[in-house]
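Worksheet for the structure shown next.
The values are calculated or read from the model by the stated rules, or taken from the named source; none is laboratory data. The shown structure was predicted, so the numbers you read here are calculated from the model rather than taken from an experiment. Counting neighbours? That spans all protein chains shown, and the Cβs are built from the backbone with ideal geometry, glycine included.
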Amino acid sequence: MKYLTNYSILLGIGITLLAFGCEQNQKAEAQSFETPNSANKRDISEAKADVKLDEIMLPENFKIDVWAADIPNAREMAISEEGVVFVGTRQEGNVYAVIDENGDGKADTKFILAEDLQMPNGVAYKDGDLYVAEVSRIIRFKDILNNLNDPKYEIVYDEYPTETHHGWKFIDFGPDGMLYVPVGAPCNICESEDEIFASITRMDVNSANPTPEVYIHGVRNSVGFDWDPKTGDMWFTDNGRDMMGDDVPNCELNHITEAGQHFGYPYWHEGTVKDPEFGDKGGPASDYVAPAAKMGAHVAPLGMRFYQGSMFPSEYKNKVIIAKHGSWNRSKKSGYVLTSLNVDGATASGEQDFATGWLDEEAQEAWGRPVDVQELKDGSLLISDDMAGVIYRVTYSAN
């Protein structure tokens, strides 16, 4: 583990207002967060991105720009109230704080908060502290905004499984204040004796002895979830198994209504497809929770959020926006897009493409892969891309 050189730092917070020409005459609020120089600070204001923004197709009056370049392997994002964006990585092993210092709508600075961690994909921010999920442990950077120059962490829990197959984790805090942590299946398809595999767990990080409990079962590999702001129910994406052909099974969007539910893996996929290896052991499909929506085979839906901002047109309010990372072994690639769905109670419907173009369909080559989506305070949408090493920002203006 590398520890970063200590430097003193004084943090100043300023709020700058930017006017966006929205049809509703709304004014969106852009945030700035100014920081002095320190050893782990990098200027990325002039960083170049190898991207093809002119190929990204969005609905009318939407625009996409590069918000931050030089963020290698950018994966899950979490945002502080001040607009500081924390970014995990999977292959890079680093965790970043990415900052728009002058409030111009583009990031100027990144702080390297940690290096050489084991697949620190997951990041979550709560009560001033940054939580990071590695394969087998959860770590915490206390009072992180006042310690960007000298980040140190403590171990919250270090007894998650060490298997790296589906070992990277997406994490977030639920409305109950608990930290939710998935534990993927340690394989493509297998039946594990340890109930913690193929689950989503949760823990009270403020208890004297934080210990995960298995919240739900039968989840092959979830790398994205959020809570419906209307009902408080949890929704999550799940990546379907491989090696059953190009079009089977569908990846899933699932809806949790109570603890202890089982979503089918490894016995049933997409609600109705019996697994050829383990299906006979699992009983009828009716014993399991069927997906609320089928996402397409091998599209790898990852980060998802309920849009709550006011920048986008009103029809986007409460829609789920999902990043589909894209297939890795399908004969014709699928995914590499953002989609949106309507959620009404327990029903998800009307999936539509929101952003496309990271995949050249004719050449079957991708130049980018969306991973996570997060909403800035002004209602614009950030999209991380682990292939291009950037974070995009999507804005809307009717003019």
TODO: Quick one: which residue in V87, V51 is touching a residue at least 40 places away in the same chain (Cβ under 8 Å), within 20 Å of Y153 (Cβ to Cβ) and either in a loop (DSSP other than H, G, I, E, B) or of a type outside the set (S, T, N, Q) (or both)?
DONE: V87
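Residues V299, V289: which one is assigned to a loop (DSSP other than H, G, I, E, B), modelled with pLDDT of 95 or more, more than 30 Å from Y396 (Cβ to Cβ) and out of contact with any Leu (no Cβ under 6 Å at 6 or more places or on another chain)? Can you show your working first?
Numbers: V299 fails: more than 30 Å from Y396 (Cβ to Cβ).
Going through V299, V289 in turn, just one is assigned to a loop (DSSP other than H, G, I, E, B), modelled with pLDDT of 95 or more, more than 30 Å from Y396 (Cβ to Cβ) and out of contact with any Leu (no Cβ under 6 Å at 6 or more places or on another chain): V289.
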Task: Breaking point among (1) farther than 17 Å from V87 by Cβ; (2) in contact (Cβ under 8 Å) with a residue 60 or more places away in the chain; (3) among the aromatic types (F, W, Y), for Y160 - done: (2)
Task: Whichever residue in the stretch 315-338 is more than 15 Å from V248 (Cα to Cα), of a type outside the set (F, W, Y) and free of Cβ contacts under 8 Å to residues at least 40 places away in the same chain and, among such residues, is surrounded by the most Cβ atoms within 10 Å (Cβ to Cβ) - done: V337
- [ ] State the number of residues belonging to the stretch 239-271 that are of a type in the set (V, I, T) and under 15 Å from K294 (Cβ atoms).
- [x] 1
Open item on the list: On the basis of being assigned to a strand (DSSP E or B) and free of Cβ contacts under 8 Å to residues at least 60 places away in the same chain, does V98 make the cut?
Closed with: no
TODO: Please verify whether the stretch 194-206 includes one or more residues that are of a type in the set (S, T, Y) and either more than 30 Å from G326 (Cβ to Cβ) or part of a loop (DSSP other than H, G, I, E, B) (or both).
DONE: no
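Quick one: which of P182, P175 is assigned to a loop (DSSP other than H, G, I, E, B), at negative phi and either out of contact with any Cys (no Cβ under 9 Å at 6 or more places or on another chain) or of a type in the set (A, V, I, L, M, F, W, C) (or both)? Before the answer, list the steps.
On the way: P182 fails: assigned to a loop (DSSP other than H, G, I, E, B).
Of P182, P175, the one residue that is assigned to a loop (DSSP other than H, G, I, E, B), at negative phi and either out of contact with any Cys (no Cβ under 9 Å at 6 or more places or on another chain) or of a type in the set (A, V, I, L, M, F, W, C) (or both) is P175.
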TODO: May I ask you to list pairs of residues, at least six apart or on different chains, whose Cβ atoms are under 6 Å apart, with the first in the stretch 107-128 being farther than 27 Å from H166 by Cα and the second being at pLDDT 95 or above and of a type in the set (F, W, Y)?
DONE: A107/W67; K110/Y96
- [ ] Mind counting the residues in the stretch 185-220 that are touching a residue at least 12 places away in the same chain (Cβ under 8 Å), out of contact with any Phe, Trp or Tyr (no Cβ under 6 Å at 6 or more places or on another chain) and among the hydrophobic types (A, V, I, L, M, F, W, C)?
- [x] 9
- [ ] Quickly run through the stretch 78-123 and pick out the residues that are in contact with a Phe, Trp or Tyr (Cβ under 9 Å, 6 or more places away or on another chain), within 16 Å of L302 (Cβ to Cβ) and surrounded by fewer than 24 Cβ atoms within 10 Å (Cβ to Cβ).
- [x] A78, R90, M119
Task: Extreme residue, nearest to the chain's Cα centre (by Cα), among residues of the stretch 207-237 that are under 16 Å from D344 (Cβ atoms) and outside any strand (DSSP E or B) - done: D228
